[in-house]
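To start, the structure itself, in C-alpha cells.
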Amino acid sequence: KGPTNALAMQFGGDGTISLDLNAVVTGALTNPAGDNQGTLLLAAGSQLTGQVGTSSAISLKDIQVLGGNNATGVSATIDGAVFAHQFDLGPNTLNVTGALTITGTGLINTQIDSPPVYGNITPVGASSPGSALHVNVLVAPGAPLSVGNLFNIVNAASGTGGIPITVSDPTQPGFTFAPVPVAGNVHGAVTIILLTIGTPTPGPPTPVEQQ
C-alpha cells in the first residue's frame, strides 16, 4: 500500500496486494507461482505502472476497482499489459494503457448506476476477452434505465472478436441483458444491451466468484 515505489512485485502464491487512494506505484506485478492466483485491489485514483499478471497462461485470479456508490463511479489505471481471469468493477472504470487479456473462461462483475455510469474496462491496446466471457450485472437501486440502453463493458477499439458472451442479472428480477452482437463480440469490445426492466432492489453488489 501507499506511496510510489520502483520495485517489481510477485505473488509467491495466492494473496492480495492493494493500492490505496491515489497511490502511484511503479513496478510489474506478476504471479510466477501459478495461474489463477493473486488478487489486486485498486482504490480510486490509484495507478500501477508495469505489467500485471505473468502471461496468458499464468494470469492473476482477480482485479478489483474499489470505491463508487449507487450514484457515481471512480477510476483506477494500470499502465501496462494486463492478464487476469476475473474483474470486479462495481460502477467504476479500469483504464489499461496496454493490452488486455481476460484468461480462459473469464468473468466481469459490473454495477450499472445509469447509462453513463457503470463498471467498465477501457484498454488502449488490443483486447482479448478469453475463450468465453460471462458478464454479471448489478443494477443500482433507482437506476434511470431504458430498454435499449447500451453499455460498453470492455470499451476496446481492437482485439479478438467472435468470443461467446453470456450476461446475467441474478440480483434484479425483471432486468435482462444480452450481448451485442449476440453471435459474439467485435474487435475485442464487449457491449451489452438492456432488453427488459424490472424494479431495482436495495442492497450492496454481490460479486459472482469464478469457479
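The values are calculated or read from the model by the stated rules, or taken from the named source; none is laboratory data. The shown structure was predicted, so the numbers you read here are calculated from the model rather than taken from an experiment. Reconstructed Cβ throughout: ideal geometry from the backbone, glycine too, with neighbour counts over all protein chains shown. We work out accessible area using only protein heavy atoms, side chains counted, and drop any ligands, DNA or RNA first. Shrake-Rupley method; radii C 1.70, N 1.55, O 1.52, S 1.80 Å.
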- Message: For a quick check, take a GNM of the chain with Cα springs below 10 Å and name the residue from LEU40, LEU194, LEU107 with the largest mean-square fluctuation.
- Response: LEU194
- Query: What length, rounded to one decimal in nm, is gained on full extension from SER158 through to VAL186, with 0.36 nm per residue of separation minus their alpha-carbon distance?
  - Reply: 9.2 nm
- Task: Would you calculate the volume per residue, in Å³, of the smallest convex hull containing every Cα atom of the chain?
- Result: 99 Å³
- Might you tell me the accessible area per residue for the range 59-193, computed with a 1.4 Å probe and given in Å²? 33 Å²
- Query: So if R0 is 35 Å, what FRET efficiency would THR97 and ASN69 give, r being the distance between their Cβ atoms, rounded to the nearest 0.05?
  - Reply: 0.85
- Of 83-89, 94-100, 175-181, ordering from highest average Cβ density within 10 Å down gives 83-89, 94-100, 175-181
- Query: When DSSP assigns beta bridges and you keep just the ones with both residues in the range 97-190, what percent turn out antiparallel, to the nearest 5?
  - Reply: 15 percent
- Once amide H atoms are placed 1.01 Å from N in the peptide plane, what residues at a sequence separation of 5 or more from THR49, or on another chain, have their amide H within under 5 Å of its amide H? VAL25, THR26, GLY27, ASP79
- Distance between the range 118-168 and the range 72-104 - C-alpha centres, whole angstrom: 12 Å
- So, with a 1.4 angstrom probe, what is the percent of accessible area on the chain that is carbon and sulfur? 59 percent
